[in-house]
Amino acid sequence: MKDKTFIKYFIGLAIPVVIQQLLVNLLAITDTIMVGAISENAISATTVANKFFLIYNLAIFGLTNGIGLFISQFFGACDKENCNKTLRFGLLCVIGLSIIGTGILILFPNFVIEIFVKDEDIIQLALQYNNIVRYSYLPYGIAQMMGIANRSKGNTLFPLYTGFVSFVSNIFLNYILIFGKLGCPELGIQGAALATSLSRFIEMAVLLLASFKKEDYYCFLNKYGMLSKENRKEILNKTIPLIFNETIWSLSLSLIFMNYCYVSEQYVPSLTVVDQVGSLSYVVFAGFSSAVGVVIGNTLGSNQLEEAKKLAKLMIKIGLMINIIMAVLVSLFSHAIPKAYFLTKESTTLATQLILIKCAVMWTQGYSETIYYILRAGGDTKSVFFIDGFFMTCGPLLMSTIFSRLIPLDLLYVFTITEGICVLKIFVSTFFYKKGTWIKNLTVEI
């Protein structure tokens with residue numbers, strides 16, 4: 001593939017995902033600002049309530065992306081039948097995982113909140129939020145699987161359109177349900193939960209309905225049958241380590257957050273702002289990384305192993321450049337961003353300081369995450385675990401635990417140490433990348 005043709009193709013894959021991720025992050029920020037109009041406790045409550053969703057979301061991420069790497073390689077091998085069989089198997093797995101996630105929130109609603117905070121007002125508000133939003137886990141999971149399936153075959157525009165529909169509906173529903181507009185009752189934090197749930201159902205419905213059209217690549221009206229037992233086993237052997245990795249990673253993030261709360265619960269609003277700004281800064285990289293997975297997966301699936309190696313080197317350079325640019329841009333606006341939230345002066349100052357610390361190490365995370373997506377595209381899920389979930393546990397989580405509980409420091413220092421340890425991740429990820437165990441065609445193994 002010639003350079004100009006490739007760059008055009010790559011940008012065509014990346015830009016729609018960038019826009020979609022931008023919508024997702026803008027929605028989260030808008031939600032927080034709207035909820036912040038209620039109170040700082042409401043911000044804390046939604047943040048704490050969504051910590052369990054983070055674990056569920058990243059488990060779904062691991063599952064859908066594990067399934068997606070096979071769909072991507074089957075598409076590269078022009079195997080439509082196995083693409084469809086793999087997607088349908090993935091949907092069954094998503095349904096099972098979503099039932100487990102929803103069931104935990106039904107059976108143990110208080111536990112998943114009280115492990116983070118002890119303030120009774122925050123706990124009650126968080127329960128009100130979770131008691132509604134838990135029923136949106138299933139439609140969210142199905143929508144993610146369908147989105148990954150479309151992106152795995154290079155169709156990034158359709159998930160973008162559905163994401164835009166979800167974004168607009170959520171903002172509109174937030175406005176009328178939180179504040180009681182257009183004749184609706186003023187529901188406050190429950191309105192935010194209801195708006196989120198309804199928008200997820202809408203997104204799922206649009207994605208599924210499109211797959212009942214005869215001309216759709218994944219037309220559900222076509223009978224493809226089920227994957228064989230051996231094929232399902234092979235896919236799960238690659239996918240389960242990804243689910244395990246994402247679960248460990250998200251649990252570590254949640255425990256790090258719990259350690260920050262242990263220092264002082266009054267810092268939760270500031271940490272919420274930093275998390276959302278960090279997510280927003282990764283928007284461009286999200287589109288880039290999604291394109292990396294598709295390009296490397298399709299190239300490996302078509303058995304162009306040497307070409308995949310050349311493309312991987314190019315991806316690493318581009319990914320590093322993107323993250324440096326984003327870090328500089330965010331740091332320039334670090335003083336202005338927190339002022340958009342309904343925070344106290346002290347919380348605003350702390351948020352600005354934490355954002356600057358985040359920007360200082362952003363490039364290291366971008367480098368290692370590019371390698372993460374390259375390894376994952378080649379099915380090297382064991383190495384992915386070591387550079388992601390394992391490192392998160394033995395690095396940032398361990399540091400935050402030591403310096404919040406065993407050797408107590410102020411939050412600013414705990415945060416600096418926790419983020420700073422990520423510099424070591426570049427050496428770990430480089431080691432596994434150079435091993436080359438990701439350079440293989442999975443379609444010949446199934």
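A few notes on this one:
- FRET efficiency for ILE99 and CYS184, using Cβ-Cβ distance with R0 set to 35 Å, rounded to 0.05: 0.70
- A simple charge model with +1 on the Cβ of Lys and Arg, -1 on the Cβ of Asp and Glu and nothing else charged puts the dipole of segment 226-346 at about 300 debye relative to its Cα centre.
- To the nearest ten degrees, helix 305-332 and the longest principal axis of the Cα atoms of the chain are 20 degrees apart.
- Lys, Arg +1 and Asp, Glu -1 on Cβ, resulting dipole of the chain about Cα centre, debye, nearest 20: 1460 debye
- Put the Cα centre of segment 184-221 next to the Cα centre of segment 125-172 and the gap is 7 Å.
- Compared with the alpha-carbon gap, the fully stretched path from ASP216 to LYS229 is longer by 2.0 nm at 0.36 nm per residue.
- Our Cα-only numbers for segment 216-371 put the radius of gyration and Dmax at 20.6, 61 Å.
- Average silhouette area of segment 32-138, convex hull of alpha-carbon atoms, in square nanometres: 7.8 nm²
- Alpha-carbon spread of the chain, three principal axes, descending order, Å: 57, 50, 40
- Summary value for segment 385-437: 40 percent relative contact order, contacts being C-alpha pairs under 8 angstrom separated by 6+ residues.
- Between the residues TYR175, ILE123, ILE100, the greatest Cα displacement towards the positive end of the dipole of segment 79-202, with unit charges on the Cβ of Lys, Arg, Asp and Glu, is found for ILE100.
- Each part gets one Cα centre, and for segment 227-277 versus segment 364-383 those centres are 16 Å apart.
- At full extension, THR437 and GLN304 could sit 46.4 nm farther apart than now, given 0.36 nm per residue minus the alpha carbon distance.
- Extension gain from ASN237 to VAL328, taking 0.36 nm per residue of separation minus the Cα-Cα distance: 28.8 nm
- Angle between the chain longest axis and helix 411-420 axis [Cα atoms, degrees, rounded to 10]: 10 degrees
- Put a plus charge on the Cβ of each Lys and Arg, a minus charge on the Cβ of each Asp and Glu, and nothing anywhere else: the dipole of segment 138-269 about its Cα centre is then about 520 debye.
- Measuring nothing but how far apart in sequence close Cα pairs (under 8 Å, 6+ apart) lie, relative to its length, the chain scores a relative contact order of 23 percent.
- From the C-alpha gyration tensor of segment 388-446, square roots of 5λ in Å: 35, 11, 7
- Computed helical MRE - 222 nm, the chain, DSSP H runs ≥ 4 contributing -39500 (n - 2.57), nearest 500: -26000 deg cm²/dmol
- Expressed as a fraction of 2.2 N^0.38 Å, the value expected for a compact globular protein of N residues, the C-alpha radius of gyration of segment 293-401 is 1.38.
- Nearest-ten-degree value, helix 137-152 long axis tilted from longest Cα axis of the chain: 40 degrees
- Here the ratio of the Cα radius of gyration of segment 185-249 to 2.2 N^0.38 Å is 1.73.
- Karplus 3J(HN,Hα) series, Hz, for segment 52-66 with 6.51 cos²θ - 1.76 cosθ + 1.60 (x for Gly, Pro): 6, 4, 4, 5, 4, 4, 6, 5, 5, 4, x, 5, 5, 6, x
- Whole-number Å³ per residue for the convex hull built on Cα positions in segment 125-255: 150 Å³
Every read-out reported here was derived from the displayed coordinates using simple, explicitly stated rules and does not represent laboratory data. On a predicted model such as this, the values are computed, not experimentally measured, just so you know. Glycine also receives a Cβ, built like all others from the backbone with ideal geometry; neighbour counts cover every protein chain displayed.
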